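A.B. asks: Structure provided below as structure tokens; questions to follow.
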Amino acid sequence: MRKFFGIMLLLLVMVIAGCSSDEKAGGEASFPSDNIEIIAPATPGGGWDATARSMQKVFSDNGIIEENMNVVNKPGGGGEVGWQYLKKQDAHHIAINSSLVITNNILGQSELTHKDFTPLAILTTEWNAVTVAPDSKFETGAEIMEQLKKDPTSLKIAVAPSLGNDDHLSFVQAAQEFGVDVTKLQFMIYESGGDVLTAMLGGHVDVATSSVSEFKEQHLAGKVKMVAVTSEKPIKGLEDIPTWKEQGVDMVFPHWRGVMGPPDMTEEEIAYWDDKIGKLVETDAWKEILKNNEWESYYMDSTETKKFLEEQTKKYEELLNVSGLTE
């Protein structure tokens, strides 16, 4: 009888071990095991929310992910509320991020850094632009920088909604590369792009730094004049606007959005998201979303994203330091 029970116990152990091996061999058998949640750390309607909902739709409509998915909005603190929420979750939860996950910490506004999370992907970028009124004497970004190099306080520069964001820092980098004393630049802070436009057209400021999409329609309609963009090459549909590189300023500045997971994700979980996001960015549906939103593909997988975030952190630390916002 003891021998019989011994044999049965051995068989049971072998079955359990075999099931475990099958799960590991299958790669996705043990994950996911629950619903998927995509966190937009902002109110509905903005770029983070649009990115999250676009991902959900493409994942579902194209059969990339079969599990139920929900987008949850966790607004507050420039991403802080949503990212604090993500930190307490498991790998069934991912969140949209941007440069604020880096700059919030450098500026002392958050204890969180990108190292508190698992990097999964960089998805898209917008590009920044320097814009002036249609009757401005400036025809190029280089002309603006020549003026600022002579007298850094001679122009009022509009930015929204705060210093330390990509709009602000892209201008600081261009000016620094041109040899301008960036600590003396006169930035005027407004609440929104609409307020910036009103101030510029009203003659209250001389220059505005913003995302390309913010003023593209007004530029095409002749209501404003873009004089420089931060992209590597001319932007489709706006080929008349020279890049900074074409104007002798050696810089490219992406306004990127990405995806991160909670801390301590397993290799299996990271591989799952690498696979799913990699498939998402190749779909026609995703490419159409990029086109409709004036976004550009900037895809990097989890390994590339980790390196990119480290490089971006060094870059932002330097720019925030030279701009006088940090010590």
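What follows is calculated from the coordinates using simple rules that are stated; it is not laboratory data. Bear in mind that the values here come from a model prediction, so they are computed numbers and not experimental data. Backbone-built Cβ (ideal geometry, glycine too); neighbour counts: all protein chains shown.
A.B. asks: Run the numbers for residue 72 and residue 284: contour at 0.36 nm per residue of separation, minus the present Cα-Cα distance, in nm.
C.D. replies: Details: separation 212, 0.36 × 212 = 76.32 nm, distance 2.52 nm.
Stretched out fully, the residue 72 to residue 284 stretch lengthens by 73.8 nm.
A.B. asks: Compute the acute angle (0 to 90°) between the alpha-carbon long axis of helix 302-322 and the principal axis of greatest extent of the alpha-carbon atoms of the chain; round to the nearest 10°.
C.D. replies: So the inclination is approximately 30 degrees.
A.B. asks: Also: How about segment 179-264: which trypsin sites (Lys or Arg not before Pro) there lie in a loop by DSSP and see at most 13 other Cβ atoms within 10 Å?
C.D. replies: Numbers: sites: 184, 216, 223, 225, 236, 245, 257; in loops: 223, 236.
Counting only loop positions with at most 13 other Cβ atoms within 10 Å, the trypsin sites (Lys or Arg not before Pro) in segment 179-264 are 236.
A.B. asks: Still on this model: Using Cα-Cα distances under 8 Å and only pairs 6 or more residues apart, what relative contact order does segment 127-229 have, in percent?
C.D. replies: Working: 177 pairs, mean separation 48.7, N = 103.
Contact order relative to length: 47 percent.
A.B. asks: For residue 161, what charge total do you get from the other residues with a beta carbon under 11 Å from its beta carbon, if Lys and Arg give +1 and Asp and Glu give -1?
C.D. replies: Numbers: positive: none; negative: 167, 191, 195.
Net charge around residue 161: -3.
A.B. asks: Rounded to the nearest 5, what % of DSSP beta bridges with both residues in the chain are antiparallel?
C.D. replies: Numbers: 23 of 38 bridges.
Of those bridges, close to 60 percent are antiparallel.
A.B. asks: Next up: How tilted is helix 141-150 with respect to the longest principal axis of the chain? Cα atoms for both, answer in degrees (0 to 90, nearest 10).
C.D. replies: Taking Cα atoms only, the helix is inclined about 60 degrees.
A.B. asks: Find how much the distance from residue 183 to residue 136 grows on full extension, using 0.36 nm per residue of separation minus their present alpha carbon separation; answer in nm with one decimal.
C.D. replies: On the way: separation 47, 0.36 × 47 = 16.92 nm, distance 2.44 nm.
The span from residue 183 to residue 136 would gain 14.5 nm if fully extended.
A.B. asks: Right, another one. List, largest first, the extents of the alpha carbons of segment 180-243 along their principal axes, each in whole Å.
C.D. replies: 32, 28, 17
A.B. asks: Next up: Could you sort 128-135, 167-174, 270-277 so that the peptide with the highest average Cβ count within 10 Å comes first and the rest follow in order? Walk me through the intermediate numbers first.
C.D. replies: On the way: 128-135: 21.6, 167-174: 26.6, 270-277: 18.6.
Order by mean packing, descending: 167-174, 128-135, 270-277.
A.B. asks: Which FRET efficiency, nearest 0.05, do residue 310 and residue 57 yield, Cβ-Cβ r, R0 35 Å? Don't skip to the answer; put the middle values down first.
C.D. replies: On the way: r = 31 Å, r/R0 = 0.90.
E between residue 310 and residue 57, to the nearest 0.05, is 0.65.
A.B. asks: Within straight cross-link reach of residue 315, meaning Cα distance under 17 Å, which lysines are found once same-chain residues fewer than 8 apart are removed?
C.D. replies: 115, 306, 307
A.B. asks: Please give the contour-minus-distance gain from residue 266 to residue 223: 0.36 nm per residue of separation, less the Cα-Cα distance, rounded to one decimal in nm.
C.D. replies: Full-extension gain reported as 10.3 nm.
A.B. asks: Provide Rg over Rh for segment 30-148; use the alpha carbon set for both Rg and the Kirkwood Rh (inverse mean inverse pair distance). Display every interim value, and only then the final one.
C.D. replies: Numbers: Rg = 18.7 Å, Rh = 16.7 Å.
Computed over Cα atoms, the ratio is 1.12.
A.B. asks: Please state the Cα pair-distance histogram of the chain with 10 angstrom bins from zero: what percent is in each bin?
C.D. replies: That works out to 5, 24, 29, 20, 11, 5, 3, 2, 1, 0, in percent per bin.
A.B. asks: For the ranges 188-198, 73-83, what's the packing order if you count other beta-carbon atoms within 10 Å of each residue, average per peptide, and put the highest first? Spell out each step's value before the answer.
C.D. replies: Values: 188-198: 16.6, 73-83: 19.9.
In descending order of packing, they fall as 73-83, 188-198.
A.B. asks: Can you give me the pair-distance distribution of segment 127-229, C-alpha pairs, 5 Å bins, whole percents?
C.D. replies: All Cα pairs considered, the percentages come to 2, 15, 27, 29, 19, 7, 1.
A.B. asks: Give the distance, in whole Å, between the Cα centre of segment 190-227 and the Cα centre of segment 266-327.
C.D. replies: Each part reduced to its Cα centre gives a spacing of 27 Å.
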